[in-house]
1. Alpha carbon centre of the stretch 270-316 versus the stretch 3-29: separation in Å?
2. Could you work out which residue, out of GLN283, GLN165, GLN79, moves most in a Gaussian network model of the chain, that is, has the largest mean-square fluctuation with Cα springs under 10 Å?
3. Report, in deg cm²/dmol and to the nearest 500, the calculated mean residue ellipticity at 222 nm for the chain, where each DSSP H run with n ≥ 4 adds -39500 (n - 2.57) and the sum is divided by the residue count.
4. Can you tell me what share of the DSSP beta bridges in the chain is antiparallel? A percent to the nearest 5 is fine.
5. When the distances between all Cα atoms of the stretch 194-311 are binned every 5 Å from zero, what whole-number percent does each bin get?
6. In whole angstrom, how far apart do the alpha carbon centroids of the stretch 52-83 and the stretch 222-250 sit?
7. Relative to the compact-globule scaling 2.2 N^0.38 Å, provide the ratio for the alpha-carbon radius of gyration of the stretch 9-184.
8. Might you report the magnitude of the Cβ-based charge dipole of the stretch 44-171 about its Cα centre, with Lys and Arg at +1 and Asp and Glu at -1, to the nearest 20 debye?
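No lab work stands behind these numbers, since they all come straight from the coordinates. Nothing here was measured: the structure is a model prediction, and the numbers come from that model. With ideal geometry, Cβ positions are generated from the backbone for all residues, glycine too; neighbour counts draw on all protein chains shown.
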Amino acid sequence: MQQHARPTIAIVGAGSIGVAFAIVFARTGHPVRLFDPDAAARERAGATFASRLEDLASEGLQDRVRIAAILPLLTVCPQLAEAVGTADLVIECAPERVEIKRALFAELDALAPETAILASASSFLAGSKFTEELKGRARCMVLHPGNPPYLIPVLEVVPAPYTSQESVERAMRITSAAGLKPVLVAREVEGFLFNRLQGAVLREAYCLVRDGVASVEDIDTVMRDGLGMRWSVIGPFETADLNTRGGIASHAEKMGPSYERMGKERGQSDPWTPELVAKVAAQRRAALPLDQWEERVAWRDRALMKVVKLRGETGE
């Protein structure tokens, strides 16, 4: 049976994220064409790419024998047109400045095939801020990765209001096939999911240091050895769901007032209304019926045991 060629990926920007994206796609057999306007960055890119693959192999995360087959899949191009001219997916990894992205996307819209998806790896800026005037704006979106994406596979897919559903679905198919875990951000908000959640923790962490409640190291310890341990296997909603018998609705009833008071201390009034709790609970119960709650709690504990074992912190 003839094997279909994998989509060609063009990456614009040979910094740490650009090279990391190149690793993600090349490891899964995609031809990758990389461009950077800085000649020195282009010169470094190939060596950095090979070095990161070797690092993965040294930790048992990459078959060293396969590296020889992966390396030729990366082509570093001296011209933007050469990089994007045959691409199925273009990912821009330029600095987080609207004027740079606007000018670059105008070039991409002119140079890339009409069928190519044009994506930005922007961390905060919504795509509509720099693609709205483009003729091909329906194929534009943000694809914001965890850093580095070859280790943290979550990818935020953030369409603009005018992005076509077909483009979104194609982007999710291509990135899923490359081993990423795309999540759909249903509407544009600054910072998307990753940085809004991270920002909430950082804001409170700064406040706790400012108010003399705890030291930087103690807060990092709580996150690293406490919340981070749990969140490495389950997220905050499932954590709340499994922490209280009766699930997340019971947790909200018991803990909601305390969280509301803590929010008001910071000038934030976002109560967990009955309607909101019902919406969250319905999604949790669809994922985990209450009659399976005990079984899932036991699974969580076994998963944490594996994390503890991996970290070598058995308490002995």
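1. Rounded to whole Å, the Cα centres lie 34 Å apart.
2. Result for the chain, Cα springs under 10 Å: GLN283 fluctuates most.
3. Roughly -16000 deg cm²/dmol at 222 nm, from the helical runs in the chain.
4. So the antiparallel bridges amount to about 20 percent of the total.
5. Reading the bins upward from 0: 2, 10, 16, 19, 20, 17, 11, 5, 1.
6. 37
7. Relative to the 2.2 N^0.38 Å estimate, the stretch 9-184 comes out at 0.96.
8. Taking the Cα centre of the stretch 44-171 as origin, the dipole is about 120 debye.
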